[in-house]
Amino acid sequence: MAYQVTIHNSGHSFAVEDTESVLEAALRQGIILPYGCRNGVCGSCMGKLLSGSVSYPEGRPDALKTTDAAQQQALFCQARPVSDLLIEVREVDAAKDIEVRTLPCRVNKLEHLAHDVIRIYLKLPDTERLQFLAGQYIDVLLKDHAPRAFSIANAPHDDRFIELHIRNVSGGYFSAQVFNQMQEKAMLRFTGPLGTFFLREDSDRPAILIGGGTGFAPIKGILEHAFHTGVQKPLHLFWGVRAKRDLYLEQLPARWLQDHPNFSYTPVLSEPMAEDRWAGATGYVSDTVISAYPDLCDHDVYMSGPPIMVQAGHKLFMQHGLDESRFFSDAFEYAAPSEKKD
C-alpha cells in the first residue's frame, strides 16, 4: 500500500510504499531532503509532522528524543507512513542533478597520516569520473557485511582520485582490513555520492566549520572547494581532537592561513599529552566555538564528527542564537557493525 506525502513548504508531493522510509521514497522520486547517516543517528533528516502518523519498524531512532517526538518531530530516514502525511522539512536543491552511481575503483595509494589514520586514494576507471558536492560521502560495498560510509575529503575540481581518511578503531571490520591487509591496487566497489552535507554557496553569512577527529575530512573538501571558487566570506575552522598527534594534516590549515585572508583556524585538544606542551585551546570544541562566537544569529555552522559531539554542539548553538536552518551536520559512529562510518 502506498501513502501520499506532501511537503508543506513547497507543495511537492510523492508516494511512499509501505516497505520504504519517507527519505527513501523522496530520493527515489528526485526530491532531495536533508540527510546524513541514513540510520537514525545524526538527526540531519529531522522534520515536522503537520498531519498523519509514522512508525519506526526498528524502534525509535537514537537521534529522536522523547521531547522531539512530543513536538511531532520525525526522522524521515527511518519513518514509515501509516497514513497520508503533511510534513514540514527543508528541501535541498543543489544535489538534485547529481546521479548516485555504483562504481568499481582501485586503491591507488595508501598513506599513513598518523598513528591511527590512513589516507586512501581511490582511482576510478579511466573512462569514469564521480560528480559530487564537496562534503558528500560514499558507501564502500563489502561482501557479506553492511556498507561502510566515508566522507570524500577532496574537492570536486580535484577529482582525479577519491580521497578518504580512515581511522583504525577497535572492532572496525573495514578499518582493520585497511590497516592490516589492504595493498595498493586492491579493487573495491562503492555507491555515491550521498548526503546533504555541503557548502551552501548562496549564503553570504560567515561560516564556522567544525571537525571532530576524522570529521575533518569533509570539512577539508568543503574548504578546498571554497578556496578554489573564490569564496570571500569569513571561514573559521575549529578542529577538535584528543592530543596534538591527532591533528593529522595540520600543515594544511597552516598553509590556508598564509594563502587566504578570510580563513581562521583554531585547533582544540580535549586531552593534551605532556609532550604536546600545548598552549592553545583545550576542552570541548563546541565550548571553544561559543567562547569565540557567543552570538551565532548571523552565522552558518557546518559540523562533522561523532554523534555525541554533533548533538551536543547542535543544542548549544541553538541556545546561542543559531537559526535551525543554518546548522548543517554529518554525524557518524565508529566500530559498530551497522555503523555509518568505520
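When Rg and Dmax of the Cα atoms in Å is calculated directly from the model, which label among [x] 19.8, 63; [y] 21.5, 84; [z] 20.9, 69 fits?
This structure yields the entry labelled [x].
Give me the 1.4 Å probe accessible area per residue for the stretch 151-257, excluding ligands and nucleic acids, in Å².
For the stretch 151-257, the solvent-accessible area averages 39 Å² per residue.
Mind ordering 133-144, 178-189, 211-222 by average Cβ neighbours within 10 Å, highest first? Before the final figure, lay out each step's value.
On the way: 133-144: 20.2, 178-189: 13.0, 211-222: 27.2.
Sorting 133-144, 178-189, 211-222 by mean packing, highest first, produces 211-222, 133-144, 178-189.
Just how large is the dipole of the stretch 67-142 about the Cα centre, in debye to the nearest 20, putting +1 at every Lys and Arg Cβ and -1 at every Asp and Glu Cβ?
With Lys and Arg at +1 and Asp and Glu at -1, about 380 debye.
Taking H as built 1.01 Å from N, whose amide H comes closer than 5 Å to the amide H of Asn108, not counting residues under 5 places away?
The list, which skips near neighbours in sequence, is Tyr121, Leu122, Lys123, Lys185.
What is the dipole size for the stretch 237-342, taken about its Cα centre, with +1 at each Lys and Arg Cβ and -1 at each Asp and Glu Cβ, in debye to the nearest 20?
Result for the stretch 237-342 is approximately 220 debye, rounded to the nearest 20.
Which cross-chain or sequence-distant (5 or more) residues have an amide H under 5 Å from the amide H of Leu85, H modelled 1.01 Å from N in plane?
Gln4, Val5, Thr6
Which one, Ala15, Pro206, Pro306, projects farthest toward the positive side of the charge dipole computed for the chain from Cβ point charges (K/R +1, D/E -1)?
Pro306
Run the dipole for the chain about the Cα centre, Lys and Arg Cβ at +1, Asp and Glu Cβ at -1, nothing else charged, and hand back the magnitude in debye, nearest 20.
620 debye
What list of ³J(HN,Hα) couplings, whole Hz, do you get for the stretch 211-223 from phi and the Karplus terms 6.51, -1.76, 1.60, once you set θ to phi - 60° and write x for glycine and proline?
x, x, x, 6, x, 5, 4, x, 4, 4, x, 4, 5
Considering Cα pairs under 8 angstrom that are at least six residues apart, work out the relative contact order of the stretch 196-332 and quote it in whole percent.
The normalised contact order for the stretch 196-332 reaches 28 percent.
Just to confirm, what accessible area per residue do you get for the stretch 40-87 at 1.4 Å probe, in whole Å²?
Numbers: 2220 Å² over 48 residues.
Result: 46 Å² per residue.
Of all accessible surface on the stretch 59-207 at a 1.4 Å probe, what whole percent is carbon and sulfur?
Numbers: 3030 of 7060 Å².
Of all accessible area on the stretch 59-207, carbon and sulfur atoms account for 43 percent.
Ser291 versus Gln131, label points 7 Å from Cα toward the beta carbon: distance in nm?
Going by the 7 Å Cα→Cβ label model, 4.5 nm.
Please give the contour-minus-distance gain from His112 to Arg200: 0.36 nm per residue of separation, less the Cα-Cα distance, rounded to one decimal in nm.
Length difference between fully extended and current span is 28.5 nm.
Quick check: the distance between the Cα centres of the stretch 224-293 and the stretch 1-42, to the nearest angstrom?
Using only Cα atoms, the two centres lie 36 Å from each other.
Provide the FRET efficiency to the nearest 0.05 for the Thr229-Tyr56 pair, computing r from the beta carbons and using R0 = 45 Å.
It comes to 0.70.
Using +1 at the C-beta of Lys and Arg and -1 at the C-beta of Asp and Glu, which of Leu164, His260, Ala146 has the Cα lying farthest in the positive direction of the dipole of the stretch 105-260?
Looking along the dipole axis, the top candidate is Ala146.
Over the stretch 1-107, what is the relative contact order in percent, taking alpha-carbon pairs closer than 8 angstrom and at least six residues apart? Write down the numbers at each step before the final one.
Details: 200 pairs, mean separation 36.7, N = 107.
It comes to 34 percent, rounded to a whole number.
Pull up all non-local amide H partners of Asp158: gap of 5 or more, or a different chain, and H-to-H distance under 5 Å with H placed in the peptide plane.
Amide H to amide H, under 5 Å and 5 or more residues apart or across chains, Asp158 pairs with nothing.
Rounded to the nearest 0.05, what FRET efficiency do Asp144 and Asp18 give with R0 = 30 Å and r taken as the Cβ-Cβ distance? Could you check? Mind showing how you got there, number by number?
Numbers: r = 28 Å, r/R0 = 0.93.
Efficiency, rounded to the nearest 0.05: 0.60.
Using the per-residue mean of other Cβ atoms lying within 10 Å as a proxy for protection, in what order, highest first, do the peptides 286-298, 92-104, 112-124 fall?
112-124, 286-298, 92-104
Of Phe328, Gln251, Leu223, whose Cα points farthest to the positive end of the dipole of the stretch 185-342 (charges on the beta-carbon: +1 Lys, Arg; -1 Asp, Glu; origin at the Cα centre)?
Toward the positive end, the furthest listed residue is Gln251.
Given Cα pairs under 8 Å that are at least 6 residues apart, what percent is the relative contact order of the chain?
16 percent
Explain nothing, just compute: Karplus ³J(HN,Hα) = 6.51 cos²θ - 1.76 cosθ + 1.60, θ = phi - 60°, for every residue of the stretch 183-189 in order, whole Hz, x for Gly and Pro.
Residue by residue, the stretch 183-189 yields 10, 4, 5, 4, 9, 9, 10 Hz.
Tell me, what HN-Hα J-couplings in whole Hz come from the Karplus equation 6.51 cos²θ - 1.76 cosθ + 1.60 at θ = phi - 60° for each residue of the stretch 161-169, using x for Gly and Pro?
10, 9, 9, 10, 10, 10, 8, 7, 10
The values are calculated or read from the model by the stated rules, or taken from the named source; none is laboratory data. Predicted model, so just to flag it, every value in this text is computed and none were measured. So basically every Cβ, Gly included, is an ideal-geometry build from the backbone, and we count neighbours across all protein chains shown. Protein only, heavy atoms only, side chains kept; ligands, DNA and RNA dropped before computing areas. Shrake-Rupley method; radii C 1.70, N 1.55, O 1.52, S 1.80 Å.
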